[in-house]
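To keep things clear, I will list the structure first and then write my remarks on it.
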Amino acid sequence: MDIRRVAYITPWGSHNSIAAYAAELIPRINLPHHIFAEIDPKIDTTEKGVTRCWQRGEPLDALASEILGYEPDVVYIEHQYGLFPDQAEWLALLEQLVSTKAKVFVKMHSVYKSPINLLGYLEEEKYLRSIPNIIVHTADAAEVLRLRGLTNVSVIPHGINEPSYRQPLGKPYLFSFGHGAPYKGLETTIAVVKDLKRTFPEVLYLGVFDTHSVPSHFYMNRILADIESEGLSGNMIVFTSYKPLTTLKRFAQECSVGLFTYNKYDTDSYGASGAARAAIGWGLPIVTSDCSLFSDLEGVAKGTNATEIADHVRKLLCPEAAQAALVMQQSLAQRQSWDHVAAEHIALFKGV
């Protein structure tokens, strides 16, 4: 199929993980395109090839009109429920897109075993069934949708940048970052640091968590109080504000292990952690929990509880073990490179 125009619907350029994902993927899909971005007052609206024409939770009439006027062959939507929480608007948008000749793909960065609450209403079955073609990051996410009766699902892994080379540091400095949501399991992080302190009194954890939402603000306040009550204020430094990726990468270079202790039991969300993959790209050996968001990171050290995770960290503080982990992560990054991921998207766009 000859693809003349691709319409991308995404929160382009904003300070969130989906925008960061789009910034890596879209330039690598070498097809003529236009980006229909979320309106963000902090972002320049004159960027070439970008039209800002929609806002989350608001009417999508302008977006639909812009897409129809563009007459694309393919429409690709970056999706999280928080981006499209109004079911009526979502269904109206999909109905208009499907009425055209365009192939419509929706990248579902997170899927759930059961319907979720959207603007005070339970997600209706037709919210998902309105999507012609769904893309997810993992086989686990595809299985969740299959159990919800959906078969029009393709799996394309989350991309990983070519890891930067670095010598293992060996010092007990740990790093993690992301949105300060309760599922990040920072209670487990506190327990891991407390465990490691028995072996390494100088252990230092550095965390950077954005708290732009009210729930995340309250959660991080509780975590900071727990750090103090456990007597770990000298071992744990936590920033509760947005930091650009360049700053996060600089922090990562000073640490020995990336630590991601997401709580398996606080969420039934299935997808892929972009933060863990960014850390791999920065050349940082990582340890994770056994949460589903790490299910396709083959060979990465995973623990089911704080004790197991702390033991994995201790092993990676040995230079030989850290080097072996970096070699394994290099192989993983090659298999899930952004170029490979982009090629899979192109094949899907042309083949469906």
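The values are calculated or read from the model by the stated rules, or taken from the named source; none is laboratory data. All values derive from a computational prediction rather than experimental measurement. As a convention, Cβ positions derive from the backbone with ideal geometry for all residues, glycine included, and neighbour counts pool all protein chains shown.
The table below lists the values:
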item	result
Cβ-Cβ under 6 Å pairs, at least 6 apart or on other chains, the stretch 123-136 side touching a residue at least 40 places away in the same chain (Cβ under 8 Å), far side assigned to a strand (DSSP E or B) and among the small types (Gly, Ala, Ser)	Ile135/Ser154
Complete set of residues in the stretch 163-184 that are among the small types (Gly, Ala, Ser), out of contact with any Pro (no Cβ under 6 Å at 6 or more places or on another chain) and modelled with pLDDT under 95	Ser164, Gly178, Gly180, Ala181
Subset of the stretch 257-287 that is crowded, with 22+ Cβ neighbours inside 10 Å and of a type in the set (Ser, Thr, Tyr) - its residue that is nearest to Asp140 (Cα to Cα)	Tyr270
Qualifying positions in the stretch 17-30 - surrounded by 18 or more Cβ atoms within 10 Å (Cβ to Cβ) and not in a helix (DSSP H, G or I)	Ile29
Verdict on Thr45 being part of a loop (DSSP other than H, G, I, E, B), polar (S, T, N, Q) and without any contact (Cβ under 8 Å) to a residue 12 or more places away in the chain	yes
When residues of the stretch 304-335 are limited to those that are over 17 Å from Ser164 (Cβ atoms) and in contact with an Asp or Glu (Cβ under 7 Å, 6 or more places away or on another chain), the one surrounded by the most Cβ atoms within 10 Å (Cβ to Cβ)	Ala310
Single residue of the stretch 53-72 satisfying the filter (in contact with a Phe, Trp or Tyr (Cβ under 8 Å, 6 or more places away or on another chain) and part of a loop (DSSP other than H, G, I, E, B)) that is surrounded by the most Cβ atoms within 10 Å (Cβ to Cβ)	Leu60
The stretch 65-94: number of residues that are small (Gly, Ala, Ser) and either in contact (Cβ under 8 Å) with a residue 60 or more places away in the chain or touching an Asp or Glu at 6+ places or on another chain (Cβ under 9 Å) (or both)	1
Any hit, the stretch 83-92, residues being in the same structural domain as Leu63 (by TED's automatic domain parsing) and surrounded by 21 or more Cβ atoms within 10 Å (Cβ to Cβ)	yes
His340 vs. criteria within 25 Å of Arg28 (Cα to Cα) and either among the polar types (S, T, N, Q) or surrounded by 19 or more Cβ atoms within 10 Å (Cβ to Cβ) (or both)	no
All strands (runs of 3 or more DSSP E) inside the stretch 157-266 with 2 or more residues being within 20 Å of Ile280 (Cα to Cα)	173-179, 204-210, 257-260
Which listed residue is over 26 Å from Pro215 (Cα atoms) and assigned by TED's automatic domain parsing to the domain that holds Val136, from Ser65, Ser17	Ser65
Search result, residues across the stretch 271-298 that are farther than 15 Å from Thr261 by Cβ and assigned to a helix (DSSP H, G or I)	Gly274, Arg277, Ala278, Ile280, Gly281
